Amino acid sequence: MRHRELAVSGAVEFTPEVYPDERGTFASPYQEGAFIAATGKALFPVAQASRNISRRGVVRGIHYTLIPPGTAKYVYCPAGRVLDYVVDLRAGSPTFGQWEATELSAGNARAVYFPPGVGHAFAALEDDSVVSYLLSAAYRKENELTLSVFDGDLGLELPAGLDPMLSERDAAAPTLGEAAARGLLPEW
């Protein structure tokens, strides 16, 4: 399995081998040895596994948690195709405000590790795109915060030709500057 450090400190993209044959393909999006080699530690204890299915154009995020110790995520796309965003929201981080997008798909079997305090968003590029998550803490709606994917200061580049469809909460989300002014950003 190959890995690549992303522009956000501590975030890593993993690309496993995909083995095709006449029946289809086989891949292992998570491999402990590769994770330890890339991060120097084992994956967090998994408290919850979640998934969502999205139509083309759905944009989810930027989601993050403040509650110590925050929530780490390991994310992959077993069906469909998404453009996945890692956004550093940790005040004091050397990569604060930086982001990187990675295409995740059933075909490439890539996965991304998000350390606590790092924001996550994605744009579904195909109908019925599935995003699966391993989470270090159980999801609690009251602990999850969101920032605007349209924040001009962050400058996230959504795919051209996509008509973004957001939840009411994500559409009304504050900017990074507004969240910082309210004390709603995680600390590095």
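How many of the residues making up segment 98-111 are out of contact with any Gly (no Cβ under 9 Å at 6 or more places or on another chain) and within 22 Å of L176 (Cα to Cα)?
Matching residues across segment 98-111 total 4.
Checking the condition surrounded by 13 or more Cβ atoms within 10 Å (Cβ to Cβ), touching a Lys or Arg at 6+ places or on another chain (Cβ under 9 Å), under 19 Å from A101 (Cα atoms) and touching a residue at least 24 places away in the same chain (Cβ under 8 Å), which residue from E5, E13 passes?
Criteria check complete, one pass: E13.
List every residue pair whose Cβ atoms lie under 6 Å apart, where the two residues are 6 or more positions apart in sequence or sit on different chains, the first residue falls within segment 81-102 and is within 13 Å of Y64 (Cβ to Cβ) and touching a residue at least 12 places away in the same chain (Cβ under 8 Å), and the second residue, located anywhere, is among the β-branched types (V, I, T) and part of a loop (DSSP other than H, G, I, E, B).
Going by the 6 Å Cβ cut-off, the qualifying pairs are V86/V8; D88/V8; D88/T95.
Mind checking whether some residue in segment 106-126 is small (G, A, S), buried (at least 20 other Cβ atoms within 10 Å of the Cβ), modelled with pLDDT of 95 or more and assigned to a loop (DSSP other than H, G, I, E, B)?
Within segment 106-126, one or more residues are small (G, A, S), buried (at least 20 other Cβ atoms within 10 Å of the Cβ), modelled with pLDDT of 95 or more and assigned to a loop (DSSP other than H, G, I, E, B).
Filter segment 163-183 for residues that are assigned to a loop (DSSP other than H, G, I, E, B) and out of contact with any strand residue (DSSP E or B) (no Cβ under 6 Å at 6 or more places or on another chain); which is farthest from G117 (Cα to Cα)?
D163
Suppose we keep only residues that are among the β-branched types (V, I, T) and touching a Gly at 6+ places or on another chain (Cβ under 9 Å) within segment 9-56. Which one would you say is modelled with the lowest pLDDT?
T25
Restricting attention to segment 134-147, does a residue exist that is in contact (Cβ under 8 Å) with a residue 24 or more places away in the chain, crowded, with 24+ Cβ neighbours inside 10 Å, touching a strand residue (DSSP E or B) at 6+ places or on another chain (Cβ under 6 Å) and in a strand (DSSP E or B)?
Looking for residues that are in contact (Cβ under 8 Å) with a residue 24 or more places away in the chain, crowded, with 24+ Cβ neighbours inside 10 Å, touching a strand residue (DSSP E or B) at 6+ places or on another chain (Cβ under 6 Å) and in a strand (DSSP E or B), one finds none in segment 134-147, hence no.
The values are calculated or read from the model by the stated rules, or taken from the named source; none is laboratory data. Here the structure is a predicted model, which means the values were calculated and not measured. In this analysis, Cβ positions are derived from the backbone assuming ideal geometry, glycine residues included, and neighbour counts consider all displayed protein chains.
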